Amino acid sequence: MRQTLAREVTNLLERGRDRQLRLAVTGLSRAGKTAFLTSLVNQLRHAGLEARLDLMACAREGRLLGARRVAQQDLAVPRFPYDEAMAALDETPPRWPDPTRGISELRLQIRYRPGRHGLLGMVAADSATLTLDLFDYPGEWLLDLPLLEHDFLSWSERQQAALTPARRELAAEWLEAVADLTPDAAADEAELAAIAERYAATLRAAREAGFADLQPGRFLLPGDLAGAPVLQFFPLPGIGEADRQALEALPEDSVYHTLSRRFAHYQQHVVKPFYREHFRRFDRQIVLVDVLGALNAGPERFEDLSRALATLMRSFHYGKRSLVSRLFAPRIDRLAIAATKADHVTPEQHTNLVTLLEALLAEPIQDLRFADIPVKALSLASIRATQSREVERQGRRFPALRGTTQAGEEALLFPGEVPAQIPEADFWQRQGFTFDHFRPLPRDARGDALPHIRLDAALDWLIGDKLA
Ligand code: GDP
């Protein structure tokens, strides 16, 4: 009798409480998503053992018992390659994991002891489980949101306007190829495919040159759509709103209508499904930003990052009349924004790194707070590759970093000061900023749990309340 009652109480609590959480990780290419997710899984798997998670209340109080991987629910989404990532880090010399290129998923079951003040703690439950579904997807996909506001004609017009002189130069080959194409010609499949490939090459070149605000996002990271006809379109230069009537009257098999159909197909079958099937279902989200990488690359690249982030963050703009809320009613109730690779600078620069990140994202952060969605900005290193040191010179002590460069050389250096605000022109002239890329620490120097900086603070913010 007593046993049945106990079971019923447990069942009730299981149902009453949110036992499952879907946490998504995003950021532009090379922002550090793969490293973040690898480290996150690694830390939780070594929780209660050698993982250092003092900034996570549950771990600090000794209540985090551990985590294991379990089979994911959605069999259509690729599994996040955790073992492959760890294998790369364990090589001699250690290697950074290969980045993921599309969406991937991994499910963890976390066991913890409820705190005395938590709901479960009050009925003295010994231990409880939280199922954590982790998703990783390219931030480039979020750059496609504005594309939903357009039809093919207005999008073409918009893309022409986006061709600044520098981008026009990078697009020279495509512009030449598309110059002979007239909207009223009968569409030739092979020709459109060839021009589309050149357009994709243009976007790739622009990205290589440091531009990030590029559409369509899937052209850069096609995932499993590589080579599919849905990606074989491009904007038509030279057309504008004034031509609408004449263009609409063209035959169905014209270049104009063929490209329009593909554009609409891309909206309906590529962009929208991502929001509908994935984005809308995430509970929590962390957006990773390589602020230091952009500082390192100079003023143009830094400005472009700022524009791209403004576009990317529109997907989290839940104001009543925003495009996202009209279309998808998302349910993300908590967000973290993190400047990654903090181990590239000395510790006393970390505060500036966060204020700089907050300055970069000032508007989106304000919008989120206005919409009552808690948001936290922080700096972290998912996999710390350097050690902080002090060097003495002429009787004075200076902070420095020690690490092994990608070329295999031991280095002891001071990479520079991080500005606390969006840098003015004189910052770039005065000092700029330089850092090397470091190799991850070898296994014998780091042990089983990956060294990190404040990954535990991010975890506490993102899932801590579910482990209360
Ligand atoms: P993704 O494209 O967003 O998945 O980015 P990755 O996780 O592959 O990271 C890109 C690169 O940034 C890696 O290959 C590393 O060189 C570097 N990186 C990422 N995280 C860290 C970190 O915590 N510390 C250091 N020093 N480098 C990092």
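What angle do you read, to the nearest 10 degrees and between 0 and 90, between the alpha-carbon axis of helix 152-162 and the longest principal axis of the chain?
80
Return the tail of the calculated pair distribution for the chain, meaning the percent of Cα-Cα pairs more than 44 Å apart.
In whole percent, the share of Cα-Cα pairs in the chain beyond 44 Å is 20.
Under 5 Å between amide hydrogens, which residues at least 5 positions from LYS376 or on another chain qualify, with H placed 1.01 Å from N in the peptide plane?
LEU335, ALA336, ILE337
When a/c is below 1.5 the answer is rounded, else prolate if a/b is larger than b/c, else oblate, so apply that to the range 142-277 with a ≥ b ≥ c taken from the square roots of the Cα gyration tensor eigenvalues.
In terms of gyration-tensor shape, rounded.
Residues in the range 272-307 near a label at THR434, defined as backbone nitrogen under 19 Å from the 7 Å Cα→Cβ point?
292-302, by backbone N distance to the label point.
Quick check on the range 55-109: take the gyration tensor over C-alpha atoms, sort the square-rooted eigenvalues as a ≥ b ≥ c, and tell me if it's rounded (a/c under 1.5), prolate or oblate.
In terms of gyration-tensor shape, oblate.
222 nm [θ] for the chain, helices only, -39500 (n - 2.57) per DSSP H run of 4+, per residue, to 500?
After summing the helix terms and dividing by the residues of the chain, the value is -10500 deg cm²/dmol.
Measure nothing but the geometry: give the 0 to 90° angle between the long axis through the Cα atoms of 189-208 and the longest principal axis through the Cα atoms of the chain, rounded to 10°.
Taking the Cα atoms of the chain, the angle to 189-208 is about 50 degrees.
Helix 255-266 versus the longest principal axis of the chain: what angle, 0 to 90°, nearest 10, using Cα atoms?
10
Of all the stretches in the chain, which is the longest one without any exposed loop site, taking GluC sites (Glu not before Pro) in a DSSP loop (any state but H, G, I, E, B) with at most 13 other Cβ atoms within 10 Å?
Longest run free of exposed loop sites: 92-251.
PRE reach from ALA179 (point 7 Å along Cα→Cβ): which of the range 187-212 fall under 18 Å by backbone N?
195-196, 198-199, 202
Classify the range 397-452 as rounded, prolate or oblate, taking a ≥ b ≥ c as the square roots of the eigenvalues of its Cα gyration tensor: rounded when a/c is under 1.5, otherwise prolate if a/b is larger than b/c and oblate if not.
Since a/c reaches 1.5 and a/b is larger than b/c, the shape of the range 397-452 is classed as prolate.
Whole-Hz ³J(HN,Hα) for each residue in the range 66-80, computed from phi via Karplus 6.51 cos²θ - 1.76 cosθ + 1.60 with θ = phi - 60°, x for glycine and proline: what do you get?
Couplings: x, 8, 9, 7, 10, 4, 6, 7, 8, 6, 7, 9, x, 7, 5 Hz.
Are any of the pairs LYS376/LYS466; LYS272/LYS376; LYS33/LYS376 more than 21 Å apart by Cα-Cα distance, and if so, which?
Violating the 21 Å Cα-Cα cut-off are LYS272/LYS376.
According to a simple spin-label model (label point 7 Å from Cα along Cα-to-Cβ), what is the distance in nm between LYS272 and ASP448?
4.9
The numbers here are math on the coordinates, done by the rules we state, and not lab data. Computed from a predicted model, the values in this text were never measured in an experiment. Positions of Cβ are generated from backbone atoms using ideal geometry, with glycine treated the same way; all protein chains shown enter the neighbour counts.
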